[in-house]
Amino acid sequence: MGTSAGIKANGGLDLALLVSDVPAQAAAVFTTNLAIAAPVVVSREHLARSGGTARAVVVNSGCANACTGDEGLQVARDMAFETARLVNCPAEQVLVASTGVIGVALPMQKLRSGLPAAFDALGADAAHGALAARAIMTTDPFPKESAAEIAIGGLDVRIGGMAKGSGMIEPMLATMLGFVTTDAAVPKALLDRALREAVADTFNAITVDGECSTNDCVMLLANGACGATIDESTYSAFVAGLIAVCRELALGIVRGGEGATKLVTVIVTGAATTAEARKAAKAIANSLLVKTAIHGGDPNWGRLIAVAGRAGVAFNPSRAAVLIGPTVLFRNGRPYDDAAPEAAAYLQGKELTVSVDLGSGVASSTVWTCDLSAEYVRINAEYRT
């Protein structure tokens, strides 16, 4: 459920509450940024103290509660305590997340007033989920939701999630905020493994601007309500469903990147290792020169070659290749500039693919990004004002 607690100056939805009827197995991944926000600290503590179980997740937007000292930590703990009081569970079974401006005090009195309204309005239908997805947004142009249903042992297992993020996006372990639930029962070890496997090729394979937030987290709750239990024999099917949900959410973040007009798939092949392929793909996806060329529709393949060459991975230009869409612009040390008009026409589209072969092996990786526009500069130049 999502409601307004008055945290956002515009009066918009800014408080979301997710509650399981029974204790759920919980797994989470958090930011690797060393400037850790108070909600991340508290959620880590609660997962450790509860043995990885949770009844609720409480999320606010409009304030990150990051770099707010001991007072911010107390507010994060109070958020959990007040939620636990309503849900009738231990405070350690409540996870906390926040998003918004760093260094601003989160007004606990507004949360204390807003939480009962959010709790009283809880519901399991799509309309309630949609309100929650909107309540966690900041600069997002649209909410991100996704769901999948898979058959396990003759039972229907549901997986659903919501996420937010538009700027300050290059997840390093997690994304801005992501919350996924399933009604399957999943043992702790398998749930942790499944979340990390899903995040690796979804949330951790996107970038908008190369920035890692203080508040990044993805949380996964499994409460077993449908009666199905995931084990090694059904793990692959479960993970496939989880990846499908996470990928749709992650791509939604890139599509809604601040100022974005194009979704760009970056494919790197011919790498010596998968890790080097991912490193090169991230370098290309984060290149300001590449992103601005794509925004302007300029098929400047030289920028892609230059990034591949400075990415710090094995690279053989005499065997390398660059494609924009299906069009080869460089291969085996030779440019194909006569194909530039074809590539330029392709770049007028809204969903694009650029491919680079490093000429050094057989490993590959895919990363998703967006173009860089003047609107991104405007949004971030005025973010606090």
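The listed residues Y383, Y376, Y235, Y336 rank as Y383, Y336, Y376, Y235 when sorted by accessible area, largest first, using a 1.4 Å probe.
In the elastic network of the chain, a GNM with C-alpha springs shorter than 10 Å, the most mobile of L358, L177, L122 is L122. Taking a 29 Å limit on the Cα-Cα distance, which of the listed pairs K110/K282; K164/K188; K279/K350; K188/K282; K188/K262; K8/K291 fall beyond it? In this structure, K110/K282; K188/K282; K188/K262; K8/K291 lie more than 29 Å apart at Cα. Computed over the chain with a Gaussian network model linking Cα atoms closer than 10 Å, the most mobile of T269, T207, T327 is T327. Pairing the Cα long axis of helix 235-255 with the longest principal axis of the chain, what angle in degrees results, from 0 to 90 and rounded to the nearest 10? It is inclined by approximately 70 degrees.
Remark: the chain carries 39 Å² of accessible area per residue (probe radius 1.4 Å; ligands, DNA and RNA excluded).
Among beta bridges identified by DSSP and lying wholly in the chain, the antiparallel ones come to about 70 percent.
Scanning the chain for trypsin sites (Lys or Arg not before Pro) lying in DSSP loops with no more than 11 further Cβ atoms inside 10 Å, the longest uninterrupted stretch between such sites is 1-349.
When the Cα positions of A147, A339, L221 are compared along the charge dipole of the chain, A339 comes out farthest toward the positive end, with charges on each C-beta of Lys, Arg, Asp and Glu. Between the C-alpha center of segment 17-86 and that of segment 252-271 there is a gap of 30 Å. Summing Cβ point charges (Lys, Arg +1; Asp, Glu -1) relative to the Cα centre of the chain gives a dipole of roughly 520 debye. Each part gets one Cα centre, and for segment 115-142 versus segment 287-351 those centres are 42 Å apart.
When the chain is treated as a GNM with alpha-carbon contacts under 10 Å, the residue of S236, S365, S213 showing the greatest mean-square fluctuation is S236. For the chain, the Kirkwood radius over C-alpha pairs fed into Stokes-Einstein at 10 °C and 1.306 mPa s yields D = 74 µm² per second.
For the chain, the longest principal axis of the alpha carbon atoms and the long axis of helix 38-49 meet at an angle near 70°. Measure nothing but the geometry: give the 0 to 90° angle between the long axis through the Cα atoms of 69-87 and the longest principal axis through the Cα atoms of the chain, rounded to 10°. The helix 69-87 is inclined about 60 degrees to the chain. Hey, any idea what % of the chain's accessible area is carbon plus sulfur with a 1.4 Å probe? The value for the chain is 55 percent carbon and sulfur by accessible area.
Only aspartates and glutamates eight or more places from K144 in sequence, or on another chain, were considered; those with a Cα closer than 12 Å are E248. Its relative contact order, with pairs defined as Cα atoms under 8 Å and 6+ residues apart, puts the chain at 16 percent.
The values are calculated or read from the model by the stated rules, or taken from the named source; none is laboratory data. Quick caveat: nothing in here was measured; it's all calculated off a predicted structure. Virtual Cβ from ideal backbone geometry, glycine too; neighbours counted across all protein chains shown. Quick note on the areas: whole protein, heavy atoms, side chains included, nothing else; ligands and nucleic acids left out. Shrake-Rupley method; radii C 1.70, N 1.55, O 1.52, S 1.80 Å.
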